[in-house]
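Have a look at the structure below, then the notes.
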Amino acid sequence: MSAAGGGSSPDIARAAAALRARIGGDPEVAIVLGSGLGQLATGVRDPVVVPFTDVPGFPPAGVVGHAGEYVFGTLGGRQVLLQSGRFHVYEGHPLDVVAAPVRVAAALGVRFLILTNAAGGVNPGLEPGDVVLVEDHLNLMFRSPLIGSVHGDEDRFPTMDEAYDAELRRIALAAAGTLDLPLHRGVYAALTGPSYETAAEVRMLGRLGADVVGMSTVPEVLTARAIGLRCLAFSMVTNKGTGLSDVPLTHVDVLEVGARAGRLVARLVEAVVAGLPDASQSTGAK
Ligand code: HPA
């Protein structure tokens with residue numbers, strides 16, 4: 001895998017072999033933790049920690065609030081691979097680097113991908129600390145990790161009909177009900193960043209149908225669906241979008257709210273994992 005900004009494509013088989021040798025298990029579920037959500041890792045039993053820098057070709061996670069490590073272990077009775085940190089387009093990584101952890105997870109046998117992210121609230125009804133179950137997305141990065149030659153047996157033209165798996169969403173809503181955690185539903189708009197949006201852009205996003213906005217998740221979901229992984233995503237609203245609040249937006253605030261509300265998301269994700277269908281009955285057809 002290349003350093004930020006260019007270079008050769010990641011060697012997925014090599015990265016997966018190295019990670020498999022370290023974790024010594026077969027994860028069914030991969031969970032990607034967004035900014036400030038790293039504490040979910042503390043709930044994992046018998047954890048094996050592998051820094052990204054120990055995976056051949058992986059660059060270190062370069063953003064404050066992202067640990068840049070895998071934690072393999074048991075959560076909700078299932079073997080999970082937690083990915084604390086991710087590679088972002090705004091760091092200058094090529095899209096095949098951004099997508100590499102999804103391809104590595106699939107190579108390890110993962111069937112379910114649960115993504116979390118920090119996001120700004122575009123829908124004026126959303127407040128910092130709210131959690132949104134992503135039902136659909138707008139790819140306003142206007143690029144895709146699927147452009148170029150097809151990887152392995154990935155689908156050339158994957159449908160985005162159920163980018164966010166309907167059965168997994170039902171499980172998430174049921175888990176939220178049991179935990180008495182209010183769970184909003186909405187559309188996630190992905191922009192490259194790294195600047196936050198202008199007030200005019202936030203108004204535009206609202207008119208386009210977005211409820212939340214962030215700088216991740218969509219490249220991973222595009223890749224996962226091409227492979228056939230079943231996806232679920234939660235956005236943690238860390239701030240109101242620019243223009244919807246008098247308080248100026250900073251990355252430190254994003255991390256603080258993320259850490260506060262992260263405990264709730266952690267409980268939700270654990271309950272979802274416990275309620276996942278048997279991977280052998282998976283219907284994640286491409
Ligand atoms: N915009 C984009 N990404 C974000 C935001 C935002 O307001 N908050 C957290 N990530």
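Every residue, every condition in (1) at pLDDT 95 or above; (2) within 18 Å of the chain's Cα centre (by Cα); (3) surrounded by 18 or more Cβ atoms within 10 Å (Cβ to Cβ), yes or no:
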{"position": "V49", "(1), (2), (3)": "no, no, no"}
{"position": "P56", "(1), (2), (3)": "no, no, no"}
{"position": "P60", "(1), (2), (3)": "no, yes, no"}
{"position": "G68", "(1), (2), (3)": "no, yes, yes"}
{"position": "L75", "(1), (2), (3)": "no, yes, yes"}
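Considering the range 183-202 alone, what residues qualify as being buried (at least 20 other Cβ atoms within 10 Å of the Cβ) and part of a loop (DSSP other than H, G, I, E, B)?
Hits for the range 183-202 are L191, E197.
Could you list, in sequence order, all residues of the range 144-165 that are under 19 Å from the mean Cα position of the chain (by Cα), surrounded by 15 or more Cβ atoms within 10 Å (Cβ to Cβ) and either in a helix (DSSP H, G or I) or not hydrophobic (A, V, I, L, M, F, W, C) (or both)?
S144, P145, P158, E162, Y164, D165
Check L168 against each of (1) out of contact with any strand residue (DSSP E or B) (no Cβ under 7 Å at 6 or more places or on another chain); (2) part of a helix (DSSP H, G or I) and name the one condition it does not meet.
Condition (1) is where L168 drops out.
Any residue in the range 182-201 that is among the hydroxyl-bearing types (S, T, Y), without any contact (Cβ under 8 Å) to a residue 40 or more places away in the chain and within 14 Å of the ligand (Cβ to nearest atom)?
Within the range 182-201, one or more residues are among the hydroxyl-bearing types (S, T, Y), without any contact (Cβ under 8 Å) to a residue 40 or more places away in the chain and within 14 Å of the ligand (Cβ to nearest atom).
Among the residues of the range 207-246, write down those that are within 14 Å of the chain's Cα centre (by Cα), within 10 Å of the ligand (Cβ to nearest atom) and hydroxyl-bearing (S, T, Y).
If the condition is that a residue be within 14 Å of the chain's Cα centre (by Cα), within 10 Å of the ligand (Cβ to nearest atom) and hydroxyl-bearing (S, T, Y), then S216, S235 are the ones that fit.
Is the range 112-135 home to any residue that is part of a loop (DSSP other than H, G, I, E, B), over 22 Å from M160 (Cα atoms) and in contact with a Phe, Trp or Tyr (Cβ under 9 Å, 6 or more places away or on another chain)?
There is no residue in the range 112-135 that is part of a loop (DSSP other than H, G, I, E, B), over 22 Å from M160 (Cα atoms) and in contact with a Phe, Trp or Tyr (Cβ under 9 Å, 6 or more places away or on another chain).
What number goes with the only condition from (1) closer than 14 Å to A15 by Cβ; (2) in contact with a Phe, Trp or Tyr (Cβ under 7 Å, 6 or more places away or on another chain) that L82 does not pass?
With respect to (1) closer than 14 Å to A15 by Cβ; (2) in contact with a Phe, Trp or Tyr (Cβ under 7 Å, 6 or more places away or on another chain), L82 is out only on (1).
The values are calculated or read from the model by the stated rules, or taken from the named source; none is laboratory data. A quick note: this is a predicted structure, and the numbers were derived from the prediction, not measured. Cβ sites come from the backbone with ideal geometry, for glycine too, and all protein chains shown count toward neighbours.
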